[in-house]
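The values are calculated or read from the model by the stated rules, or taken from the named source; none is laboratory data. All of these numbers come straight from a predicted model, not from anything done at the bench. Cβ: placed from backbone, ideal geometry, glycine included. Neighbour counts: every protein chain shown. Quick note on the areas: whole protein, heavy atoms, side chains included, nothing else; ligands and nucleic acids left out. Shrake-Rupley method; radii C 1.70, N 1.55, O 1.52, S 1.80 Å.
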Amino acid sequence: IANFDGKSVFVIASGCALLSAMFGDLLGTVIGVLAALAGWVELRGVKLLKAGKADGVSWLVRAQLLLLTAILAYVGLRLRALAVGGVNAVTSEFFRMMAESADHWRPADQRAFAQNFKLFYGVIAAVTLLFQGGLALYYHRSRAAVAGALALLPANNPLLTACPVCRQTVSRAA
């Protein structure tokens, strides 16, 4: 789980950070970089577990909490922008121009847009809390099992075992 998740988060978040930077979106760039950092932290935890170090689980927990914080911060800032500046603060000039030309930017349309905007970011927040929060809790609760499994491996024995968290073969490193 951790290896796939860490790689996925790192690649996707790095891409989002680059796209945000290309479009001049400072907030998106910063959040993308923080999310990519979370992916790197998770991969670091996987590497430590593969080396037989139980503290790799702490890195996995930190990665999920960092990603959770980054996404919730982004959601909060986007919802705040809507609350403070209205729909014009969260839409591009191009979007507004296209909507107006199609006669879809009347006050009722703007209210519907704002409601859907809130719903969309609410769903993002809920899914993030469930997924990243759930993974952080899962990793945290797996600490004892991982430490116990790694402790059973003699330091000088190249015996391999499957890590209960990362599901990868690990060896006890000296």
For the chain, what is the accessible area per residue in Å² when the probe is 1.4 Å?
-> 58
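What does the highest-first list of 102-108, 124-130 look like by mean Cβ count within 10 Å? Could the numbers behind the result be given before it?
Values: 102-108: 11.0, 124-130: 13.6.
Highest to lowest by the protection proxy: 124-130, 102-108.
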Could you list the square roots of 5 times each eigenvalue of the Cα gyration tensor of the chain, that is, the equivalent ellipsoid semi-axes, sorted largest first and rounded to whole Å?
-> 44, 15, 11
Region 1-99, relative contact order in percent, only Cα pairs under 8 angstrom and at least six apart counted | 23
Measure out, as a whole number of angstrom, how far apart the alpha-carbon centroids of region 83-144 and region 37-66 sit.
-> 30
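Output the relative contact order of the chain, whole-number percent, from Cα pairs under 8 angstrom with separation of 6+ residues. Before the final figure, lay out each step's value.
Values: 222 pairs, mean separation 43.0, N = 174.
RCO, the chain: 25 percent.
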Which aspartates and glutamates, on any chain, are close to residue 7 with Cα under 15 Å apart, when same-chain ones fewer than 8 places away are left out?
-> 42
With unit charges on the beta carbon (Lys/Arg positive, Asp/Glu negative), name the residue among 71, 99, 115 whose Cα is farthest towards the positive pole of the charge dipole of the chain.
-> 71
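So, R0 is 22 Å and r is the distance between the beta-carbons of residue 112 and residue 84; what FRET efficiency does that work out to, to 0.05?
Working: r = 20 Å, r/R0 = 0.89.
The pair residue 112/residue 84 has a calculated efficiency of 0.65.
By its C-alpha gyration tensor, with a ≥ b ≥ c as the square roots of the eigenvalues, how is region 14-84 shaped: rounded for a/c under 1.5, else prolate for a/b larger than b/c, else oblate?
Working: a/c = 6.23, a/b = 2.06, b/c = 3.02.
Oblate shape, in that a/c is at least 1.5 and b/c is the bigger or equal ratio.
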Given a Förster distance of 25 Å, the FRET efficiency implied by the Cβ-Cβ spacing of residue 12 and residue 96, rounded to the nearest 0.05, works out to 0.30
For region 22-61, rounded, prolate or oblate, judged on the Cα gyration tensor with a ≥ b ≥ c (square roots of eigenvalues), a/c < 1.5 rounded, else prolate if a/b > b/c?
-> prolate
Region 1-125, accessible surface, carbon-and-sulfur percent (1.4 angstrom probe) = 70
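Going highest first, how would you order 56-66, 28-38 by mean Cβ packing within 10 Å?
Details: 56-66: 22.9, 28-38: 20.2.
My ranking of the peptides, most packed first, is 56-66, 28-38.
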